[in-house]
Each structure stands twice: as structure tokens, then as C-alpha cells.
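The values are calculated or read from the model by the stated rules, or taken from the named source; none is laboratory data. All of these numbers come straight from a predicted model, not from anything done at the bench. All Cβ positions, even for glycine, are placed from backbone atoms using ideal geometry, and neighbour counts span all protein chains on display.
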Amino acid sequence: MTESKQTYNEAAQRLEAIVATLERGGMGLDETLKMYEEGAALLKTCQAELIAAEGRLNELRLDDLEQELQTEAP
Amino acid sequence: MTGRGEVTTGPLPVGQFVTMVKRALTSEPLFQRQAIKGEVSQWKSYASGHTYFTLRDNDGQMSAVIWKGRCAIHPSIKEGTEVVVTANVDVYVKRGNIQLIVERIEPVNALGAMEEAKRLLVERLRNEGELDRPRTRPPVIPKHIAIITGAGSAALADMQKLIENRWPGLRRTVIGVLVQGQRASEEIVRALALTRRLADPVVAAQRGEPPVDLVIVGRGGGSPEDLWAFNLEPVIRSIIASPVPVVSAVGHESDLLVSDLVADVRASTPSNAIERTVPVRAELEQWLDELDERLAHATRRTFGDARQRLIGLHARLKVAPLAGINMERRSMLSLQSRLNRATESKLANERTRLASIEASLHTIHPKRVLERGYAMTQTKDGTVVTNTKMLELGQEFSLHFVDGSAEAAVTQIHTMEEEQ
């Protein structure tokens, strides 16, 4: 999970690079197809990251959270 | 706190107990490197080089020691001087005395004790290199933000509203703390400790949520005293120790707190902290849609180009043999026309030459001469007479004119030589 920020960042950067390369053109069909497939996969990753940021809203007093974490501790 | 649960087998020897107390006190970060203000009393420097005194104010007092050569002692310090010390709490086990081990002592000047403590802290942090330490960049998309701020405060409401505008439903844990007063720094330190736990992947997995990957700590504007917790060393040390990036979001734009100097991101206000760390989801979505479109378009174009090239090649392939034949034909035609042109010009030249020969033939024909009034003389045997020596007196000869001839005889001969 700690690498997730890298994942989005890197995925987004790689995706941009792929699109730029494809837009420049001049590549073989095989390579184009491969890049397209990679780009499409990266796009999915990025979109998944957006969804993954949605979640629970906790709002607690310090003591309550301390209590909660205390009881959870193994 | 933790000692209560310990299993003991019987009464503790007091020395052991005091040692436990010592351990508990010296391991508490709040009691280490704390800046403390008070008045000097019972100031005593011994031959050993150590200095002992009591730091006191109206509400309490504590013994303090400055070990020999440990820090510079301002010459103005004497009985009754107001000072700020930076000290660690220690227990002298032999006597069970709690005392301050002074690392730094400064008389309070016009700046005021707090400002002085802040200045000292900043200086110390600078010397330790904490001000230039490498900062952790906040994630592009925070998956779990922890916000440490005043419970129910206006600053919190502002932040919540702004987050909902930018990224509705963004996962966050708000930890409500006291942000001013005596207990503020302690609560902020505890809250930061909780965020460390929430950032632990194991704890996060137990709670069924992603680990905290960004901490925002702050409060709205107030008087310098109100904001002071963010200048206190325990808070500062906790921020530095945080494994996840910390955003310092305290007060108004003009307030500069020590927390601003050490945090990974300095936000001018709580709202600014949100603006700087929470992206606008709709913008990201739009950007991804654009990339999606560009990706598909670029790929389609490459394939379209390839297809177009193929169609072009096919068409050229179909006409290629014809093109060969046509070329042959064209070159033959051209050869032919060149041949024709060459022949024609030769013929024309010949014609011209013939005409000119004809013309000259025409002019030199004897008849043309006769036409102009000359006559041709011929002897009887047909010889053309060209000079007088061919004739004799009495000899008959013929004179030919253009339209006929006449017979004549020589009656006299004159030569050119005679005349001359």
C-alpha cells in the first residue's frame, strides 16, 4: 500500500510518455499495438486509484481514537 | 501509564523503584530538551566546575544542575535573574531527587521568554540540520488523510468543506485536539503518535482501510500565545519523526511557526493545506479522459496511416507493368520523332542545296548570255571560237544567237595586242 502513491505517479507519467510517443508516430504496428495495450492498462490503474481514494470519514476526539486503537491492538 | 499493568512478585526495593521512575521520566519526550522559564535562586558554582541552582516561579520550583563546561553561562546571571533553560529531566537515584540537567541557559531579555525559547529552538534545529532535512513529498492522490486540529473548530469546517468540493468522499480521519493552552502540545504530540500507528500497514489492514499517507496538523488564526503550541519542541520533534509527510497549517499567512520550518509542506492556512494536497478529482478525471482519447486517436492514426500506405502500394502495384510498357512506348515515339526530325532536316538541306545549284545552273546557261545580246561563234566543224587565233581571213563560221544562227566569213582580224 505504501507504494500506491508511486503507482499513480509513475503510471500517470508513463501513460503521458506513451501517448506522446504514439502521437509522434513512426513506429511499427507491433510496437504501436504493444504501447496501446500498456497505455490502456495504465489508464485503468490510474482510474482505479481515483476510486481507491474514496472511503470512510472518521471524526473522533483524541481520547476516543486512542481508546479505539488500544482495543484493536493485538 | 503502562506500569500499572506490570506483574510484580512482591514489594520493590526503593532503589529499584526510583530507577524505574527515572527510566519513565527520561524516556518521555515531553521532558527532554524542554525550554523552561523561571527565576534563578540558590546559585552556587563549585570548585569542581559544576553549577547548582534552583529554578523557580510563583507556582513551583525545581533543582537544576549545569555540568562543568556543558554550556556558556552569561555573566549577568545571578540570584533572581529571569532565565530560560533548555534542560532534560533526570532523577538522582541516590537521593530520589528530580532535577533538570541544563544544556543551555539564557537570561530573559526584552524579547520575552517565549520568543527567546523559540529562537533557541530554531537555532538548535538549524545546528542539527533539521531545517534542511530532505522533505517527503505528499502523495499525488492521498488515500487516507489524517487531520489534527481543534474539534469542531471553524478551521476544521473550512477544511471539510474544501475537501468535499475538491474530492467528495475522500477518505480522512480527523483527530480533534486542544490547539491552545497548556495541554495543546501534549495532545498534538499524542495525536501525531496515533497517526504513526494509523500509517502502519498492519494496523491499517486490521482497521480495513489504507494506511494514513498524509498528516495535516494545524489550526485557524489567533494571538501568538494561542498558536504557541506549534513553536514547542515536543510538537516539532514529533513532526520531524513522522514517517508520513506532515503539512503544517497554522494561523494566517503572516504567522511563521517553528512547525512551518520543519514540516514537509508549509501551508499558509488550513484551507491552503487542502488546496495544496487534495487534487480536484474532476480535473484528474478529465485529464485521464483526455489521455484515453489521445491514446486511442494516436493508435488509430498509426493503423490508418499503415492501411492508407497499403492501399497506395496496391494501386501502384496494379499499374506498374502498364507503366513499364508506356515508358517503352514513349521512348520509342520519341526516338521516332527524333529520327523523323533528323531525316526531314537532312532532306530540307538537300533541297536547298539543289535549288541553289539549279539557280546557279540557270544563270550560267549559254542561252542566258545569248539573251543579253552576246553571240557564240562556231567553226564549221563545231568548235567554239574563243579567240582570234582560231580564225583565218576568209574562213567561214557560224554565229549563234538566241533565236537562230547566221553564216559569216572573216574579212579582217584585229588582235588586242595590235590595238595596244
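Going through (1) within 7 Å of another protein chain (Cβ to nearest Cβ); (2) under 15 Å from B:PRO142 (Cβ atoms); (3) loosely packed, with under 13 Cβ neighbours inside 10 Å one by one, A:GLY55 falls short only on (3). Among the residues of region B:18-28, none qualifies, meaning not one is modelled with pLDDT under 85 and among the small types (Gly, Ala, Ser). For region B:204-214, the condition of being part of a strand (DSSP E or B), under 23 Å from B:VAL278 (Cα atoms) and touching a helix residue (DSSP H, G or I) at 6+ places or on another chain (Cβ under 9 Å) holds for at least one residue. The condition of being out of contact with any Lys or Arg (no Cβ under 7 Å at 6 or more places or on another chain), in contact (Cβ under 8 Å) with a residue 24 or more places away in the chain and assigned to a loop (DSSP other than H, G, I, E, B) holds for only one of B:ARG135, B:ARG124, that being B:ARG135. Assessment of region B:225-233 against the conditions (surrounded by fewer than 20 Cβ atoms within 10 Å (Cβ to Cβ) and free of Cβ contacts under 8 Å to residues at least 12 places away in the same chain) yields no matching residue.
Among the candidates B:LEU347, B:LEU261, the residue that is away from every other protein chain (no Cβ under 14 Å), part of a helix (DSSP H, G or I), within 30 Å of B:GLU115 (Cα to Cα) and of a type outside the set (Lys, Arg) is uniquely B:LEU261.
Output the residues belonging to region B:297-343 that are hydroxyl-bearing (Ser, Thr, Tyr) and farther than 30 Å from A:GLY26 by Cβ. Within region B:297-343, B:SER331, B:SER334, B:SER337, B:THR343 meet the criteria. Taken together, the residues in region B:5-64 that are closer than 22 Å to B:ALA229 by Cα and of a type in the set (Ser, Thr, Tyr) amount to 2. Restricting to region B:204-217, and then to whatever is of a type outside the set (A, V, I, L, M) and under 33 Å from the mean Cα position of the chain (by Cα), can you tell me which residue is surrounded by the most Cβ atoms within 10 Å (Cβ to Cβ)? My answer is B:ASP213. Of the numbered criteria (1) more than 8 Å from chain B (Cβ to nearest Cβ); (2) part of a helix (DSSP H, G or I); (3) surrounded by fewer than 16 Cβ atoms within 10 Å (Cβ to Cβ); (4) out of contact with any strand residue (DSSP E or B) (no Cβ under 9 Å at 6 or more places or on another chain), the one A:LEU33 fails is (1). Of the numbered criteria (1) assigned to a strand (DSSP E or B); (2) in contact with a Gly (Cβ under 9 Å, 6 or more places away or on another chain), the one B:GLY69 fails is (1). Determine which member of the set B:PRO139, B:PRO168, B:PRO201 is over 27 Å from B:PRO29 (Cβ atoms), facing chain A (nearest Cβ under 9 Å) and surrounded by fewer than 21 Cβ atoms within 10 Å (Cβ to Cβ). Exactly one residue qualifies, and that residue is B:PRO168. B:ALA154 fulfils the conditions (1) under 41 Å from the mean Cα position of the chain (by Cα); (2) within 11 Å of chain A (Cβ to nearest Cβ) except for a single criterion, (2). Remark: pairs (first residue in region B:13-37, over 17 Å from B:GLU233 (Cα atoms); second residue of a type in the set (Gly, Ala, Ser); Cβ separation under 6 Å; 6+ apart in sequence or on different chains) = B:VAL18/B:GLY96. Just one of the listed residues (B:THR363, B:THR388, B:THR379) is out of contact with any strand residue (DSSP E or B) (no Cβ under 8 Å at 6 or more places or on another chain), surrounded by 10 or more Cβ atoms within 10 Å (Cβ to Cβ) and either closer than 30 Å to B:MET416 by Cα or of a type in the set (D, E, K, R) (or both), and it is B:THR388.
Yes/no per residue for (1) loosely packed, with under 15 Cβ neighbours inside 10 Å; (2) under 51 Å from the mean Cα position of the chain (by Cα):
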{"residue": "B:ALA72", "(1), (2)": "yes, yes"}
{"residue": "B:VAL83", "(1), (2)": "no, no"}
{"residue": "B:ALA87", "(1), (2)": "no, yes"}
{"residue": "B:GLN99", "(1), (2)": "no, no"}
{"residue": "B:GLU103", "(1), (2)": "no, yes"}
{"residue": "B:VAL108", "(1), (2)": "no, yes"}
{"residue": "B:LEU121", "(1), (2)": "no, yes"}
{"residue": "B:ARG126", "(1), (2)": "yes, yes"}
{"residue": "B:GLY129", "(1), (2)": "yes, yes"}
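Note on region B:45-59: residues that are in a loop (DSSP other than H, G, I, E, B) and aromatic (Phe, Trp, Tyr) amount to 1.
You will find that of B:LEU256, B:LEU295, B:LEU288, the residue that is of a type in the set (A, V, I, L, M), under 30 Å from B:ARG135 (Cα atoms), within 14 Å of chain A (Cβ to nearest Cβ) and without any contact (Cβ under 8 Å) to a residue 24 or more places away in the chain is B:LEU288 and no other.
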